[in-house]
C-alpha cells in the first residue's frame, strides 16, 4: 500500500473534488504546510502531492521512503530537481491544463488596461460621470488592440494560445528570441527589436537562472512605445523595483500582474505602493484557476500517481 500525503490542498477552491488515486493507498490531506512541518508530515510516505510547498535537498535527505513527487502545477521550481535525480525520486508535473484559462486572464488584463476599465469604473464610483453634465467624458485615453504589436516572451503552448487571441484582435505578433541568444529560427524576432516595437509585452516562460529578471531597467529603457507589461507566468521574471520605477518615469504605460516574486507579497513589495493607480492591476495568482482548469489539473495530478504505480510514469520531469 502506498502512503500518499497532500501538502497544500487549499491551493484549490473548496468546490473542487480532490479525490485520491484509483490504487490501494493510505491518504492524508493537509490544507497548508510550512517548510518546518514537511519532514514530520511526510515521514514514511511514498508519494507527495505539492503545488507550492518546496521540497529541497535538505528536506529530501530526511525522507528515505519517498519515491515520487506529483507536482500539482506545470512549474516545478519548488522542487530540487538535482536532489531528486540523485535520490531516484520520480517527479511528475501537469501540462496543458491552463491553455484556456491563462490566456483568457492575460487578455482580461490587457483589455482592462488598454480600455482603461479600472479608471473609468472608479470615475463612476466617485460621481464624476454624474457631475459631468454629458453622456460621456474623457479622463483616460483609450486605445484599440487592432493594429498594435503584441510582444510575447515564451513560445510554448501558453504563449501560442495568447498569440492566437492576439491575432483574433488584429494584433501583430512578435515572439521574442531568447535574451542573448541568436540563430533560433524564423519564429523568433530579436529580443531587442521586441522591446522596441511592442505596444504590449506579455511573459509566458518558466522561471530559470536564464530568465530571472529578464525584464529590468535596461530593457525598460529600450521600450520606445511605452508598452503595457503583463505577467501571468512566474514572479521573478521581472525586476519589481525597476518595474515601478519605469512606470514612474513614463517608460511603460501600465502593469498587469498575476504573479509576484514572493506570494503573498511582502509588505515592502514596491508594487503595493502603486495599486490604486488606474493603470495598475495586480491579481492574486488566479490566472490558472478557472473551474475547468482546476478540475483538469487535479485529474492529471492523480493520473500521474496512478501511472507511476503501474510502472508507466507520465509527465516525468525526473
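The values are calculated or read from the model by the stated rules, or taken from the named source; none is laboratory data. This one's a predicted model, so the numbers in the text were calculated from it and none came from an experiment. Please note: Cβ atoms are built from the backbone with ideal geometry, for glycine as well, and neighbour counts cover all protein chains shown.
Values for this structure:
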| quantity | calculated |
| --- | --- |
| Residues being over 14 Å from residue 177 (Cα atoms) and in a loop (DSSP other than H, G, I, E, B) - total across region 196-208 | 4 |
| Single residue of region 180-195 satisfying the filter (surrounded by fewer than 18 Cβ atoms within 10 Å (Cβ to Cβ), under 24 Å from the mean Cα position of the chain (by Cα) and outside any helix (DSSP H, G or I)) that is modelled with the highest pLDDT | 190 |
| Test: residue in region 96-104 that is part of a helix (DSSP H, G or I), crowded, with 20+ Cβ neighbours inside 10 Å, modelled with pLDDT of 95 or more and in contact with a strand residue (DSSP E or B) (Cβ under 8 Å, 6 or more places away or on another chain) | no |
| Filtered residues of region 115-152 (kept if touching a residue at least 60 places away in the same chain (Cβ under 8 Å) and touching a strand residue (DSSP E or B) at 6+ places or on another chain (Cβ under 7 Å)) | 118, 149, 151 |
| Flag for residue 291 being modelled with pLDDT of 95 or more and within 29 Å of residue 174 (Cα to Cα) | no |
| Residue that is surrounded by the fewest Cβ atoms within 10 Å (Cβ to Cβ) [pool: residues in region 219-258 that are touching a strand residue (DSSP E or B) at 6+ places or on another chain (Cβ under 6 Å) and either assigned to a loop (DSSP other than H, G, I, E, B) or not assigned by TED's automatic domain parsing to the domain that holds residue 115 (or both)] | 253 |
| Any hit, region 278-293, residues being surrounded by fewer than 17 Cβ atoms within 10 Å (Cβ to Cβ), assigned to a helix (DSSP H, G or I) and within 21 Å of the chain's Cα centre (by Cα) | yes |
